[in-house]
Amino acid sequence: MTPREPDAQPSVLAETTLKVSAPFFGLISFVQKTLVIAELEVRKLRHDPTELLLRAVQPALWLIIFGEVFTRVRAIPTGEIRYLDFLSPGILAQSALFVAIFSGMTIIWERDLGIVHKFLVSPTSRDALALGKALAGGVRALSQAVFIYVLAIVLGVKINWNPLALVGVLAAVLLAATAFCAFSLIIAFLVKTRERFMGIGQVLTMPFFFASNAIYPISIMPGWLQAVARGNPLTYEVDALRALMLAQGSSANGLGMDFGVLLLAAAVLVFIAARLYPRAAT
């Protein structure tokens, strides 16, 4: 009587489980490494928290001076919404943009200190490095949201206090700032010097801001500028913020499209930044 061969089913089941779980554990590892990189970047704020306070001066001037004056003049048509209310989400988006667009400077400092080489030889993937740094820029921009909300309340802006709306505001700011931070990283990888980076950053922030619906409706723009504004991610961030931040706000594009464009922009720019990351070491 021949001995019975062991049942092969458990080994097959184990192999199937291993194949299914491998991508899951890979994703968990990617998320953990991304969050570690983001946490390292955010931790730098404890050494120089005055940076964010200084960044808050310019949006305060826009709201207190520009907003108050044009609310009285009524030169820009904003429908039934008071101009200061109309302006507040745009200034929040602008403030987050300014914080994010200069965050790529850290790459140049890290290259000069030799830190970039250590990151590149570590087991952390380029995608996790790029996404982690971009997310850190988004988290830094969230502090501006708190400041703008406080200032808007003082100025009498009618705020929507629905908890879901507040979460939506944070999500919109985080997504947009992540996209612009990734764009900033791309610039840093290409120019490689502090002087050129600062010059390009200052040149780009104003076109992003003025070629959007931040301070005036798209409907009053000339046709060519309307086309540019509709291709500007900042336009969709402002549109989402107006719908979520204001008590009487509404979205011209629909929140689904606004968040879809922001998510797509962030994904594409982070992907490009990850491909260019090794250039930071040269």
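The values are calculated or read from the model by the stated rules, or taken from the named source; none is laboratory data. Predicted model only: the values in this text are computed from it and were never measured. Please note: Cβ atoms are built from the backbone with ideal geometry, for glycine as well, and neighbour counts cover all protein chains shown.
Per-residue answers, yes or no, for (1) surrounded by fewer than 22 Cβ atoms within 10 Å (Cβ to Cβ); (2) closer than 29 Å to Leu241 by Cβ; (3) touching a Cys at 6+ places or on another chain (Cβ under 7 Å):
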residue: Leu113; (1), (2), (3): yes, no, no
residue: Pro123; (1), (2), (3): yes, no, no
residue: Ala134; (1), (2), (3): no, yes, yes
residue: Gly138; (1), (2), (3): no, yes, yes
residue: Leu142; (1), (2), (3): yes, yes, no
residue: Ala152; (1), (2), (3): no, yes, no
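Candidates are the residues of the range 250-263 that are surrounded by 21 or more Cβ atoms within 10 Å (Cβ to Cβ) and not acidic (Asp, Glu); the one that is farthest from Ala182 (Cα to Cα) is Val261. Within the set Leu241, Leu269, Leu190, the sole residue that is hydrophobic (A, V, I, L, M, F, W, C), under 20 Å from Gly79 (Cα atoms) and either at pLDDT below 90 or buried (at least 22 other Cβ atoms within 10 Å of the Cβ) (or both) turns out to be Leu241.
Is it true that some residue in the range 161-181 is under 13 Å from Thr106 (Cα atoms), in contact with a Cys (Cβ under 6 Å, 6 or more places away or on another chain) and either part of a helix (DSSP H, G or I) or at pLDDT 85 or above (or both)? No: zero hits. For Leu131, are the conditions met, namely being touching an Asp or Glu at 6+ places or on another chain (Cβ under 8 Å) and either modelled with pLDDT of 85 or more or of a type in the set (A, V, I, L, M) (or both)? Criteria not met by Leu131. Of the residues that sit in the range 201-238 and are of a type in the set (Ser, Thr, Tyr) and part of a loop (DSSP other than H, G, I, E, B), which one is surrounded by the fewest Cβ atoms within 10 Å (Cβ to Cβ)? Looking at residues that are of a type in the set (Ser, Thr, Tyr) and part of a loop (DSSP other than H, G, I, E, B), I get Tyr216. The single residue among Ile108, Ile148 that is touching a residue at least 12 places away in the same chain (Cβ under 8 Å) and more than 23 Å from Leu92 (Cβ to Cβ) turns out to be Ile108. For the range 43-82, filtered to residues that are modelled with pLDDT under 70 and surrounded by 12 or more Cβ atoms within 10 Å (Cβ to Cβ), the residue that is nearest to Ala96 (Cα to Cα) is Leu52.
Within the set Asn253, Asn232, the sole residue that is polar (S, T, N, Q) and farther than 21 Å from Tyr83 by Cα turns out to be Asn232.
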